[in-house]
Amino acid sequence: MRIAVMADIHGNADALRAVLMDVKAQGAERIIVNGDVVNRGPDSVQVLETLLARGGVSFTLGNHDDLLRLWHARSNALPAAWFEDSFWGATAWSVQELDRAGLLHVPEHWPMTQRLAVPGLPEVLLAHGTAQHYRESLSDRSRPERVQELAQQAGAGVLVASHIHRQADAHFGQVRVINTGAVGSPADGDPRAQYLMLTAGKDGWDVDLRKVEYDRSGVLSRFESSGLLDTGLSAEIFRDEVVTARSLYTPYWEWTERTGRERTAQTWREFRGGYFG
């Protein structure tokens, strides 16, 4: 049994296409999409349509998949100020694109977790973050006691996560933590599209953290041609994340919160200059 696990596609159709070609070449029997199919990039509609048209694909819910539905509903789970803040223009744009295509509410039926059970092998629990919350990250840097707690609650020996846009494979005692990395916007300085191939072997799960080359020029040009880049600063940051293969949005957000600065083009230039030295 070979299972491809991919996540954090973030509306990047070219990266998804490259990964799907590699998945086929590797002979995967099943695909699990571990959350964050949409938002950030210009191709949310195309990416979701591509995955829904395939057989043998299952999903877990990611924070961005859920965010767009919550945004459309003007949910009180989100700060009211966000809806009037131009910084969130890229999110509003993605909501409109998916709503027009009739796809906005598809993710609300996706579960928080998936499981893999093969006789004789440790059970695998997959979640975008953790089973507790899709924003809780798991990696080689996780607290051992938290990993043990999650594994005991799930009754699983392998925890597969995504969300942090960085691949990882670590053992915490008898519990193995694997992070798929990101298809559409990796954050480790390597622009190749990342995903996980799991193979059920005689002695356990064989883990192959794969990275796939693809031409980024198409998706970068569509930030402009689609109109996404015209929505404001957050779209510019999302594009720069694809260019640099670095996490920029979250560090910038945290920096503005910590320093009390507004999120503007000027403060973004100031932050970016310091961030890259």
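The values are calculated or read from the model by the stated rules, or taken from the named source; none is laboratory data. In this text the structure is predicted, and so the values were computed from the model without any measurement. Cβ placement follows ideal geometry from the backbone for every residue including glycine, while neighbour counts extend to all protein chains displayed.
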Next on the checklist: under 18 Å from Val242 (Cβ atoms), hydrophobic (A, V, I, L, M, F, W, C), touching a residue at least 40 places away in the same chain (Cβ under 8 Å) and assigned by TED's automatic domain parsing to the domain that holds Pro111: which single residue out of Ala28, Ala15 fits that description?
Outcome noted: Ala15
Checklist entry - Being under 15 Å from the mean Cα position of the chain (by Cα) and either surrounded by 14 or more Cβ atoms within 10 Å (Cβ to Cβ) or in a loop (DSSP other than H, G, I, E, B) (or both), is that true of even one residue in the stretch 95-107? => result yes
Checklist entry - Can you name the residue in the stretch 168-179 that is surrounded by fewer than 24 Cβ atoms within 10 Å (Cβ to Cβ) and outside any loop (DSSP other than H, G, I, E, B) and, of all such residues, is nearest to the chain's Cα centre (by Cα)? => result Ala168
Checklist outcome for this item: If you go through Arg135, Arg100, Arg176, the only one that is among the charged types (D, E, K, R), modelled with pLDDT of 95 or more and in contact with a helix residue (DSSP H, G or I) (Cβ under 7 Å, 6 or more places away or on another chain) is Arg135
Next on the checklist: Quick check on the stretch 213-239: of everything there that is charged (D, E, K, R) and surrounded by fewer than 19 Cβ atoms within 10 Å (Cβ to Cβ), which residue is nearest to Asp188 (Cα to Cα)?
Outcome noted: Glu213
Checklist outcome for this item: If we keep only residues of the stretch 108-138 that are within 14 Å of the chain's Cα centre (by Cα) and under 14 Å from Val177 (Cα atoms), then the residue surrounded by the most Cβ atoms within 10 Å (Cβ to Cβ) is His128
Next on the checklist: So the check is Cβ under 8 Å with 6+ separation or different chains; which pairs have a first residue in the stretch 34-47 that's within 11 Å of Phe59 (Cβ to Cβ) and a second one that's of a type in the set (S, T, N, Q) and outside any loop (DSSP other than H, G, I, E, B)?
Outcome noted: Asn34/Gln114; Asn34/Thr180; Gly35/Asn63; Asp36/Asn63; Val37/Ser44
